[in-house]
Amino acid sequence: MHLIVAEKNLSARRIAEILSEGKKLTEHKDAGVSTYSFGDITTVGLRGHVVEIDFEPGYTNWRSEESTPRSLIDAKTIKIPTERKIVSLLQKLSRKADRVTIATDFDTEGELIGKEAFELIRAVNPKVVIDRARFSAITPQELKAAFSHTTELDFALAAAGEARQSIDLMWGASLTRFISLAARRGGQNILSVGRVQTPTLTMIVDREKEIEAFVPEKYWQLFLETEKGGERVDARHTHGRFLDKGVAEQSRDRTKAPLMVTDVRSGEKQDRAPSPFDTTTYIVASARLGFSAANAMRIAEDLYMNGFISYPRTDNTVYPPSLDIEGILRTIRNSPFKKDVDWVIANRRAVPTRGKKSTTDHPPIHPTGAATQEMLGNDAFRIYELVLRRFLATLAPDARWKTLKILLDAGGEEYTVTGGQLIEPGWHAVYPFSEAQETILPPFTTGEQLPVKKVKLDEKETQPPARYTQSKLIQRMEELGLGTKSTRHEVIAKLVSRKYVEGSPLRPTLVGRVVTESLEQHADMITKPDMTQTIEAHMQQIKEAKRTREDVIVESRQMLHRAFDQLEANETAIGEDIRGRTAEEMNLGKCPVCGGVLAIKHLRGNTQFIGCSRYPECTFNIGLPMAQWGFAVRTDEVCDKHHLNFVRLIRKGARPWDIGCPLCHHLASNKESLNEMPSMTGALAEKILSQHIYTVAELARSTPGSLAKRLDIPEEKAQNLISEGGSVLEKLRRRSECRKFMRDHLIPRKGRSYAKILSALKNAGITELSGLAHADIALLKSAGIGEEEAAQVLSQAKTVYYGQVLKEIGIPAVSLKKYVSAGITSPEEFCNHPPEYLSQVTGMSPATVKRHVELVCTYLKMPVPKTFSKQQIDRGKKELLAIKGIDKVTIEKLSRAGIINATQLLEADAVTVAAESGIMAHVIQDLQKAIRKKRENAIIQI
Ligand SMILES: [Zn+2]
Ligand SMILES: [Zn+2]
């Protein structure tokens, strides 16, 4: 079998469709992974990288003493499969193959993915022939050429990719860990640092600082409005910017009719057709159509995989001689742009335009297939049209403009009007995406006089430099050698997801800025592009086989160690700096009670809440759910009513949980419990709130005197509110105890929702443990708990609840333990069982048990069972043991029925005793006979 390994499932299918050429093509699924077979050939798609590089085990603990952040620099790495199903299918197929062709994308990343596949194949089939097919477009022509001239895998190119992976892991992991630990941040809140990411962030921060430092300067411009042939014409003063207002005003005042045309200069300008698209120019052009960099790349990859355009990751702006331009033109004549294609064929320039960079890997991005809007949908079709028209433009003739410059004089002041007119549209005819615009002027002749309609002096200000848009930033990254054509847009997306930058155009967040500035101050090599450029240069050397991967990694390690020398020496300063300056990002606004600053506080152990800066003087606080439900952060939204920033809980992999205004949330969640107080009225609630009392707990904690004063009510009424508050609080406590009990005792299961179960129980009237302890299994089942689990939960609820009651009644914890382990859990059992039995099973003295039984039965208002003294019990035991057929176990069983001596046993009803003791009735009757016989014998002896 000949196995073809493609980079993705979609390309595996496309390759099979094209190469099968009408042969029967069958799709198989193996553990969810598709293969496509025709004749002797099978294609399979990877999912990009199917293995991942990571550190050896033992480096996961951030707080470990041995594996410090610095230790990650020299840590050994291993490759771990990330797509196990694909890996095992690939190896299964490879065992049967006699030839394998790697057909991954044709660039460094694709070569590395190919090498990863190569290693997986070699591990199971050391002898199989493995070759490599390289193509820049998934089209019949390209594929046939590639598969008939396969080559070897380029191990140098793959090694460059591997070196980059190792270096990125080493830099990213060690620096991220170091900075996060120094700033005491963990979990959702870590501060990531990266080899390309950090210098890129620094550029955005630097630009922001330039903008802030910018001092605008005023300047003035003079404009004059005239008219020619009924058409309005605007002229501007040739002085340009006046920096002195007085001078500008003098010029304005001198500007007087007559207005005379002093010169008409016309000329011609060549307008060169644009050069072919590389990744960066493509991203810039698609940004003008409103596509973000990441979106533009995603769509382009889709179009590539479906054979509509060539591989979109390329630095090349020169069409290689091998590119079949005529063939492409023939193909795209079948698209909806036939008219434009025909125009270009009829008007083609001698040689296509070319850009500055010529590389040998991929051709510039160009169309490879014909598509319609129906096939692609709106967005993809717009991108397809852009690529197609750009291709046409590079083959179209240059445009020619007629330029016109008119000079005018009014009272000695010179004004000018300029115009431009396309006399030969050239490439503009097929590429409407350029910004060049025509300004067509009416004809002017030297010496003619025109009216002065209006003279206008505009006051303006110099503008700060603009923030980076994504596409501008990508251009700048390319100029500085930061990242690669494949990674630049991903780096920007990462900065956004790390909350280091936001908005469009991009601006840094407070955290983004603080981290950058702290690093700049203490280890500026991490923030500068130089180091990354050096590494990129090393990658190039690996590709050209001038250096080895190991050699480059060793050098990178040394660079990083030098950075750590600086960082570790300044660890405390860096940590304090970042912590101090980012505290602000947790501030929400003014404390409603004292006017201090409310801020989100994160404590160790997942506790988080909102507290006041004037604590302990001001104790106002708002509770938040534990951080495992989401790490609390501030958002930009502000409550209209309370002027506090909104709060959001964020959790990896989960949708954010918006709390909204924390005070609105606080009020709403406490409203219900305040309303549970019997004497609460709307007016009273208003009054309480106006005194900044938000919770029942705050009410219950007040003293009658102070509360009476604050609310202006009699002390008696205040006392009543406090005690009502106390009982509501107790009720709330019991409810939350019940919720916690359910969470602790129900086993977490996939698809199980505690909220759902709790609300079902609530609807059945069960919100407290006492209710739960008295519930029946059927009720728990109807709330969605399985039978077996329901029984268990019920018995645990009983144990916990009755334990609480008994403790309250006064049974000491030590004794309680003995009762529970003997199976006595409910208070009723104390009054239903004979105390002798309780004494028997718990091993406690009859006197102690008697005291307990009296306590419980009095509490329950049930009759206290008759009890016997220890002597009576001991005598009875002796008497019973003397009877044949009675042993210790029998005595214990009999005590359950309240029988402690032979007389009682003799007088009891056998059936009743049997039911209570668990001894069979006929055995009881036999025992009774034995006693009777024994007593008769005794009488005879007398
Ligand atoms: Zn306060
Ligand atoms: Zn609010």
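The values are calculated or read from the model by the stated rules, or taken from the named source; none is laboratory data. Quantities reported herein were computed from a predicted structural model and do not represent experimental measurements. Glycine also receives a Cβ, built like all others from the backbone with ideal geometry; neighbour counts cover every protein chain displayed. Side chains included, ligands, DNA and RNA excluded: accessible areas come from the protein's heavy atoms. Shrake-Rupley method; radii C 1.70, N 1.55, O 1.52, S 1.80 Å.
Of Y615, Y500, which has the most accessible area with a 1.4 Å probe, and how do the rest follow in descending order?
Y615, Y500
Can you give the alpha-carbon Rg of the stretch 20-88 over 2.2 N^0.38 Å, where N counts its residues?
Rg over 2.2 N^0.38 Å, computed on Cα atoms: 1.82.
Going by average Cβ neighbours within 10 Å, how do the peptides 323-336, 157-170 rank, with the highest at the top?
157-170, 323-336
About the Cα centre of the stretch 277-387, how large is the charge dipole given +1 on each Lys and Arg Cβ and -1 on each Asp and Glu Cβ? Please answer in debye to the nearest 20.
360 debye
In whole Hz, what ³J(HN,Hα) sequence does the stretch 12-18 give by Karplus (6.51, -1.76, 1.60; θ = phi - 60°), x for Gly and Pro?
Whole-Hz 3J(HN,Hα) from phi for the stretch 12-18: 4, 5, 4, 4, 4, 4, 6.
If I take R0 = 35 Å and measure r between the Cβ atoms of A537 and S64 in this structure, what FRET efficiency does the formula 1/(1 + (r/R0)^6) give, to the nearest 0.05?
0.50
If you average 1/r over all unlike Cα pairs in the stretch 519-574 and invert the result, what Kirkwood radius do you get in angstrom?
12.3 Å
Sorted from largest to smallest, which semi-axis lengths in Å does the alpha carbon gyration tensor of the stretch 812-884 give for its equivalent ellipsoid, taking the root of 5 times each eigenvalue?
Working: eigenvalues 103, 39, 22 Å².
Over the Cα atoms of the stretch 812-884, the ellipsoid semi-axes are 23, 14, 10 Å.
Over the chain, what percent of the accessible surface lies on carbon and sulfur atoms, probe 1.4 Å?
On the way: 23730 of 47030 Å².
Of all accessible area on the chain, carbon and sulfur atoms account for 50 percent.
Keeping every protein chain present and rolling a 1.4 Å probe, give me the accessible area per residue for the chain in Å².
Result: 50 Å² of accessible area for each residue.
Kirkwood Rh and Cα-based Rg: tell me the resulting Rg over Rh for the stretch 376-447, rounded to two decimals. All intermediate terms of the calculation are to be shown ahead of the outcome.
Working: Rg = 18.5 Å, Rh = 15.1 Å.
That ratio is 1.23, to two decimals.
Compute the distribution of all C-alpha to C-alpha distances in the stretch 618-775, in bins of 10 Å from 0, and list the percent of pairs in each, rounded to whole numbers.
Each 10 Å bin holds this share of Cα pairs: 9, 29, 31, 24, 6, 0.
Among A235, T200, W220, flag the residue with its Cα farthest along the positive direction of the charge dipole of the stretch 178-270, charges on Cβ as +1 for Lys/Arg and -1 for Asp/Glu.
Working it through, the farthest residue towards the positive pole turns out to be T200.
Return the loop-located chymotrypsin sites (Phe, Trp or Tyr not before Pro) in the stretch 1-97 (DSSP other than H, G, I, E, B) with at most 14 other Cβ atoms within 10 Å of their own Cβ; answer none if there are none.
W62
Spelling out what I want: for every residue of the stretch 703-710, take phi, set θ = phi - 60°, compute 6.51 cos²θ - 1.76 cosθ + 1.60 (Karplus), and round to whole Hz; glycine and proline get x.
9, x, x, 5, 5, 4, 5, 5
Ranking request for peptides 268-279, 508-519, 139-150: highest mean number of other beta-carbon atoms within 10 Å first, then the rest in descending order.
Top of the packing list down: 508-519, 268-279, 139-150.
So what J values fall out for the stretch 519-532 if you push phi through Karplus, 6.51 cos²θ - 1.76 cosθ + 1.60 with θ = phi - 60°, rounded to Hz, Gly and Pro as x?
Each residue of the stretch 519-532 in turn: 5, 4, 6, 10, 7, 5, 5, 6, 8, 8, x, 4, 4, 5 Hz.
With N denoting the number of residues in the stretch 436-546, provide Rg(C-alpha) divided by 2.2 N^0.38 Å, to two decimal places.
1.82
Report the convex hull volume per residue for the chain, counting only C-alpha atoms, in Å³. Numbers along the way, then the final one.
Values: hull volume 291.7 nm³, N = 942.
Taking only Cα atoms, the chain has a hull volume of 310 Å³ per residue.
Can you give the Rg/Rh ratio of the stretch 498-643, where Rg is from the C-alpha atoms and Rh is the Kirkwood radius?
1.14
Which is farthest toward the positive dipole end of the chain among L644, V889, I747, measuring Cα position about the Cα centre, with Cβ charges +1 (Lys, Arg) and -1 (Asp, Glu)?
V889
Where nothing but the Cβ of Lys and Arg (+1) and of Asp and Glu (-1) is charged, how large is the charge dipole of the chain around its Cα centre, in debye to the nearest 20?
Computed charge dipole of the chain: roughly 2880 debye.
In nm, what is the difference between 0.36 nm times the number of residues separating A436 and S690 and their Cα-Cα distance?
Full extension from A436 to S690 adds 85.1 nm.
How long is the gain from H2 to H561 if the chain were fully straight, where each residue apart is worth 0.36 nm and the alpha carbon distance is subtracted?
196.5 nm
Return the FRET efficiency for the residue pair K762, A921: r is the Cβ-Cβ distance, R0 is 60 Å, and the value is rounded to the nearest 0.05.
0.80
In Å and on Cα atoms, what radius of gyration and Dmax does the stretch 171-282 show?
Using the Cα atoms of the stretch 171-282, the pair Rg, Dmax is 27.6, 76 Å.
Which of the listed residues, T548, I325, M531, is farthest toward the dipole's positive end in the chain, when Lys, Arg count +1 and Asp, Glu count -1 at the beta-carbon?
Farthest towards the positive pole: T548.
Can you list the cysteines of the chain that have no other Cys Cβ under 4.7 Å away?
Flagged as lacking a Cys partner: C738.
Rounding to the nearest 20 debye, state how big the charge dipole of the stretch 631-782 is about its Cα centre with +1 on each Lys and Arg Cβ and -1 on each Asp and Glu Cβ. Show your work: numbers first, answer last.
Numbers: 25 positive and 17 negative charges, 203 e Å.
Rounded to the nearest 20 debye, it is 980 debye.
Which FRET efficiency, nearest 0.05, do K76 and E787 yield, Cβ-Cβ r, R0 41 Å?
0.20
In terms of modelled amide H atoms, which long-range or inter-chain residues lie less than 5 Å from the amide H of K601?
Sorted by chain and number, the residues that satisfy this are F609, I610, G611.
Between their Cα atoms, which of K750/K798; K601/K717; K818/K866; K356/K499 are more than 29 Å away from each other?
Long pairs (Cα-Cα over 29 Å): K601/K717; K356/K499.
Report the Cα centroid-to-centroid distance between the stretch 713-789 and the stretch 661-679 in angstrom, as an integer.
Between the Cα centre of the stretch 713-789 and that of the stretch 661-679, the gap is 18 Å.
With a cap of 15 neighbouring Cβ atoms within 10 Å, and only residues DSSP puts in a loop, list the trypsin sites (Lys or Arg not before Pro) found in the stretch 833-942.
Sites meeting the loop and neighbour criteria: K861, K866, K884.
Can you give me the Cα centroid spacing of the stretch 504-526 and the stretch 199-238 in angstrom?
So the two Cα centres are separated by 29 Å.
Take the Cα gyration tensor of the stretch 1-155, multiply each eigenvalue by 5, square-root it, and list the three semi-axes largest first, rounded to whole angstrom.
Output for the stretch 1-155: semi-axes of 34, 16, 14 Å.
Hey, got a sec? Which trypsin sites (Lys or Arg not before Pro) in the stretch 6-82 land in a DSSP loop and have at most 12 other Cβ atoms within 10 Å?
Hits after loop and neighbour filter: K23, K24, R63, K76.
Taking only Cα atoms, what is the 0 to 90° angle, nearest 10, from helix 108-124's long axis to the longest principal axis of the chain?
50 degrees
Roughly speaking, what is the centre-to-centre gap between the stretch 453-480 and the stretch 824-839 when only Cα atoms are used, to the nearest Å?
The stretch 453-480 and the stretch 824-839 have Cα centres spaced 88 Å from each other.
With a 1.4 Å probe and all protein chains kept in place, how much accessible area does S497 have, in Å² rounded to the nearest 10?
80 Å²
Could you compute Rg(Cα) / (2.2 N^0.38 Å) for the stretch 257-334, with N its residue count?
It is 1.78.
Quick one: if you take sqrt(5λ) for each eigenvalue of the C-alpha gyration tensor of the stretch 875-942, what semi-axes come out, biggest first, whole angstrom?
Over the Cα atoms of the stretch 875-942, the ellipsoid semi-axes are 20, 13, 10 Å.
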